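The next block holds one structure in the form of structure tokens; read it before the comments.
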Amino acid sequence: MTSSARAEQHWAEKPPEPRAWKGRNGRSRRAAAAEQDRAAGGADRRWVDLGDGRRARASVELKLLPRTRRIRAYLRWSDRGRSPARYLGPVEHASRPENLAEGWRLAWARGLLAAPDTAQTSWAKSPAVRAVMRANKARDTGPERRIRTLLHKAGLRYRVNARPLPTLRRTADIVFPTARVAVFVDGCYWHGCPDHYRPARANDQFWREKIDGNRARDRETDQLLADAGWVVVRAWEHEDPVNAAERIGQIVRRASHERRAARPA
């Protein structure tokens, strides 16, 4: 079942409550901007590249479709008096902050946002970039939580955000110690998804090296864990969580069976 179908099914019996999509009445512009900053993971995570060296600060807008009882997320910004918008997809969380955050994740996955502008400063000396990295959610993302929920419902038990090898400073998102299976749910932008990653237009060399470094680290992690007898599973954040959970479950059960069969009688 696709994410759109699940979202529609989620609200099949009654419309979502206003707190899932509607903003507070009487908010100031400052409060609205702060809400968007929190959902995006920082003010510097909200840029849209307009071309010709111009940028605009975008916002995620949530709309309820009464007929289908679905909440849809859109990315909006201003450009010389116009207000372009891009449809991001359906969102299905119970609160507005969660749905806004999901909208920003969809915007990044679709390559609609520009990387923070670090052209004037180095990585180590930029307070803006350091703030972005601190705000960037490294654990318990929406895709991770959905996959974990499905795995738990399937009867599988696991550790969350743990090191498969205590001596190796690499943390997996989901760890099955007995089966020796480590699962990583990779973000499309930061890990260079072949389907959704789009190179940054500003400071291209810096960001290319950053993403290439992340990819190299992922390959090294996979090899180090494989050498230690672990099975590594990687899922992209854009993957259907049902399909990802089924794939992970099959691998965990197969690995568990093989380890039991290998034990001395």
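The values are calculated or read from the model by the stated rules, or taken from the named source; none is laboratory data. All of these numbers come straight from a predicted model, not from anything done at the bench. So basically every Cβ, Gly included, is an ideal-geometry build from the backbone, and we count neighbours across all protein chains shown.
When you look at E220, is it closer than 22 Å to T141 by Cα and surrounded by fewer than 16 Cβ atoms within 10 Å (Cβ to Cβ), yes or no?
no
Give the residue, chosen from A179, A244, that is more than 30 Å from A114 (Cβ to Cβ) and either touching a helix residue (DSSP H, G or I) at 6+ places or on another chain (Cβ under 6 Å) or modelled with pLDDT of 90 or more (or both).
A179
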